[in-house]
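Step one of this worksheet: look at the structure below.
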Amino acid sequence: QVQLVESGGGLVQAGGSLRLSCAASGSTGSINAIGWHRQAPGKQRELVAYITSGGSTNYVPSVKGRFIISRDNAKSTVYLQMNSLKPEDTAVYYCRALSELGAYWGQGTQVTVSS
């Protein structure tokens with residue numbers, strides 16, 4: 001099994017930055033990719049960015065050029081650096097791990113961007 005714990009959310013003004021962390025534990029060697037998802041009130045959860053075990057990354061167009069996903073293998077942690085934040089980025093952000101054992105979600109962290 002894989003356990004995920006997100007941190008780093010908070011309240012920030014538009015144009016500001018936040019860095020989210022997703023710390024993995026358990027069978028981390030089985031993880032093939034970790035993605036950041038978000039869910040705004042009244043909307044479906046959407047994938048924002050992901051990084052594979054090989055280091056490949058991908059972003060949805062709405063965050064490309066503003067968000068950067070990275071990882072620290074020694075700490076089994078994936079980060080989401082969020083810059084130039086907009087009010088429409090307000091959501092609960094979740095990380096999700098895809099592993100050989102299945103898919104796992106963290107508990108989420110709230111990001112609120114004020115205008």
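Before moving on, here are some points about what is shown:
- Remark on Gly26: its backbone amide H falls under 5 Å from those of Gln3, a criterion applied only to residues 5 or more positions apart or on other chains, H modelled at 1.01 Å from N.
- The chain: equivalent-ellipsoid semi-axes (sqrt of 5 x gyration tensor eigenvalues, Cα, Å): 23, 14, 12
- Looking at region 1-78, none of the chymotrypsin sites (Phe, Trp or Tyr not before Pro) sits in a DSSP loop with at most 10 other Cβ atoms within 10 Å of its own Cβ.
- Charge context of Ala23, other residues only, Cβ under 14 angstrom, K/R +1, D/E -1: +2
- The equivalent ellipsoid of region 55-115 has semi-axes of 23, 15, 11 Å, largest first, where each one is the square root of 5 times an eigenvalue of the Cα gyration tensor.
- Cβ-based net charge around Gln81, under 11 Å, with every Lys or Arg adding one and every Asp or Glu removing one: +2
- Cα gyration tensor, region 23-65 - rounded (a/c under 1.5), prolate or oblate: oblate
- Among the trypsin sites (Lys or Arg not before Pro) within region 35-98, those in coil by DSSP and having at most 13 neighbouring Cβ atoms inside 10 Å are Lys43, Lys64.
- Charge context of Gly65, other residues only, Cβ under 14 angstrom, K/R +1, D/E -1: +2
- Added length on full extension, which subtracts the Cα-Cα distance from 0.36 nm per residue, Ala40 to Lys64: 6.8 nm
- Think of a 1.4 Å ball rolled over the protein heavy atoms: the chain then has 51 Å² of accessible area per residue.
The values are calculated or read from the model by the stated rules, or taken from the named source; none is laboratory data. These numbers were taken from a predicted model, which means no experiment stands behind them. Glycine gets a Cβ as well: all are built from the backbone with ideal geometry, and neighbour counts include every protein chain shown. Accessible surface is based on the protein model in full, side chains and every heavy atom, while ligands, DNA and RNA are left aside. Shrake-Rupley method; radii C 1.70, N 1.55, O 1.52, S 1.80 Å.
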